[in-house]
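Worksheet for the structure shown next.
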Amino acid sequence: MTAKKKDESMSKSNGSYEPKPEHKFSFGLWTLGNRGRDPFGDAVRRTMPPNEIASVLGEIGAWGVNLHDNDLVPIDATPAERDRIVREFKKACQQAGIVVPMATVSLFFHPVFRDGAFTANDPEVRAYALQKTLRAMDLGAELGAKIFVLWGGREGVETDACRRADEAVKRLRGAVNYLCEYNIARGYKYRFALEAKPNEPRGDIYMATTGHYLGFIPTLDHPEMVGVNPEVAHEQMAGLNFMHGVAQAWEAGKLFHIDLNDQAPGRYDQDLRFGSNNPKSAFWLVKFLEDVAYDGSRHFDAHAYRTEDYDGVKDFARGCMRTYLILKEKAARWNADAEIQAILKEISAARPGTPKTGKYSAKGTETLLSHAFDKDAIMEKRLPYEKLDQLTIDILLGVR
Ligand code: GCO
Ligand code: MN
Ligand code: MN
């Protein structure tokens, strides 16, 4: 291939991974705006103002920007300051062609939330948390957000001496019920998405996994209004298979939002670029989302390495979207692969004479109970999962 031809084919393949609005890629103000502070070191990047982040997102082809109340409006802003900031931010988003699909509330940054927010022992802290969330809902609604995320980062403990853990569940339920009523009263039509995390910043956080929340939601007054916002890193911190949790949420009609990033097992909360640590599990996730035609935001809740400057932050954000689109293409290739499809068909085919199960019936049960299963014959069927997985690896590594 001549250098020119090679160049052309490279840019062609780059072109096909171009993010477009229909991909629904979104980033939080706090993700591009992350200044690289960690528990051991100070900021390495300047503060990027929200309006500038909106314009960068437009430039790199993202669709949406999400925010905590205080990512945009300082916690002690006067009403007049707030209104001016919101007005200017709306304009910046419009100019950048960026929407605000999701809003959330910071119930973890201010020291007043040192013992939690909705679950704190001090009733005044609980009341303040509620007021702050109502105002954050007002703010999000003004910006057009339709999803409201609740992440209880401080809702947890270092010592269980401080409260009974079931009391925390009751307080959380009371708060979410209150927010749902406010949602109805104001006609906001939000769908709430509850985000689980096992630990960090608290020693243990209540509602450690998406599964915990899926058990909690049906106990609410308005379960139909509430779903989940699973995050890759959070489930992986708990040692879980992320895609399985997402699939269960989807199957329950509760996958309202998703936080994409990556994480190495056994580490601190890393918020790595999507797919950068474990591209294989990212592949199964993207394949799942695309197979079921999930149509919500693909939100990246991650940040650039602390070694980066702002050009590096753009590399990071572009990388998240590019990896998603590459994996989406790989998923389509996997689905279209005749050898893979033949194996899938073979592994779930029934042997002639297999009794029908499915819905219970007295007659069917009689047949089932009297059937003689030939276990040796069943065992003759091959389950070529090694081959299936290697075909997957071949696709992922680009040789198939
Ligand atoms: C974290 C969380 C947060 C939340 C965000 C939205 O680990 O810090 O993932 O980034 O997603 O606060 O509520
Ligand atoms: Mn997180
Ligand atoms: Mn998150």
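Key figures
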| item | result |
| --- | --- |
| Counting DSSP beta bridges with both ends in the chain, the antiparallel % (nearest 5) | 15 percent |
| Where labels lie 7 Å past Cα in the beta-carbon direction, separation of ARG84 and PHE109 in nm | 1.9 nm |
| List ARG45, ARG267, ordered by accessible area with a 1.4 Å probe, largest first | ARG267, ARG45 |
| Full-stretch length increase - PHE40, LEU383 - with 0.36 nm per residue and alpha-carbon distance subtracted | 118.5 nm |
| Residues ASN199 and GLU167, FRET efficiency given R0 of 22 Å [Cβ-Cβ distance, rounded to 0.05] | 0.65 |
| Neighbourhood net charge (15 Å Cβ-Cβ; Lys/Arg +1, Asp/Glu -1) for HIS23 | +1 |
| Largest to smallest accessible area among THR133, THR357 [probe 1.4 Å] | THR357, THR133 |
| Whether the stretch 74-166 is rounded, prolate or oblate, judged on the alpha carbon gyration tensor where a/c under 1.5 counts as rounded | prolate |
| Cα-based Rg / Dmax (Å) for the stretch 263-315 | 13.2, 37 |
| Formal net charge of residues neighbouring LEU130 (Cβ-Cβ distance under 12 Å; K, R +1; D, E -1) | +2 |
| Net charge of Cβ neighbours under 13 Å - reference TYR268; Lys, Arg +1; Asp, Glu -1 | -1 |
| The stretch 26-100: C-alpha gyration tensor shape, a/c 1.5 cut-off, then a/b vs b/c | oblate |
| Cβ crowding within 10 Å averaged over residues, with 50-60, 309-319 ranked highest first | 50-60, 309-319 |
| Tilt relative to the chain, helix 338-347 - C-alpha long axis, 0 to 90 degrees, to 10 | 70 degrees |
| Residue list for the stretch 329-359, given a label point 7 angstrom along the Cα-to-Cβ vector of LEU369 and an amide N cut-off under 20 Å | 354-359 |
| Label-point separation, SER55 to ASP76 (7 Å along Cα→Cβ), nm | 3.0 nm |
| Kirkwood estimate for the stretch 227-346, i.e. one over the average of 1/r between Cα atoms, Å | 15.1 Å |
| Estimated inter-spin distance, THR159 and LYS189, nm [label 7 Å along Cα→Cβ] | 5.0 nm |
| The chain: relative contact order as a whole-number percent, Cα under 8 Å and 6+ apart | 13 percent |
| Segment ALA350-THR219, extension gain: residue separation times 0.36 nm, minus the distance between their alpha carbons | 43.2 nm |
| Computed over the chain, Cα set: Rg, Dmax in Å | 24.0, 79 |
| Three-way shape label, the stretch 159-238, alpha-carbon gyration tensor, a/c 1.5 | oblate |
| Volume per residue of the C-alpha convex hull in the stretch 1-158, rounded to whole Å³ | 165 Å³ |
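The values are calculated or read from the model by the stated rules, or taken from the named source; none is laboratory data. Remember, predicted model here, so these are calculated numbers, not experimental data. Don't worry about glycine lacking a Cβ; one is built from the backbone with ideal geometry, like all the others, and counts go over all protein chains shown. Note: accessible area is taken over every heavy atom of the protein model, side chains too, but ligands, DNA and RNA are not part of it. Shrake-Rupley method; radii C 1.70, N 1.55, O 1.52, S 1.80 Å.
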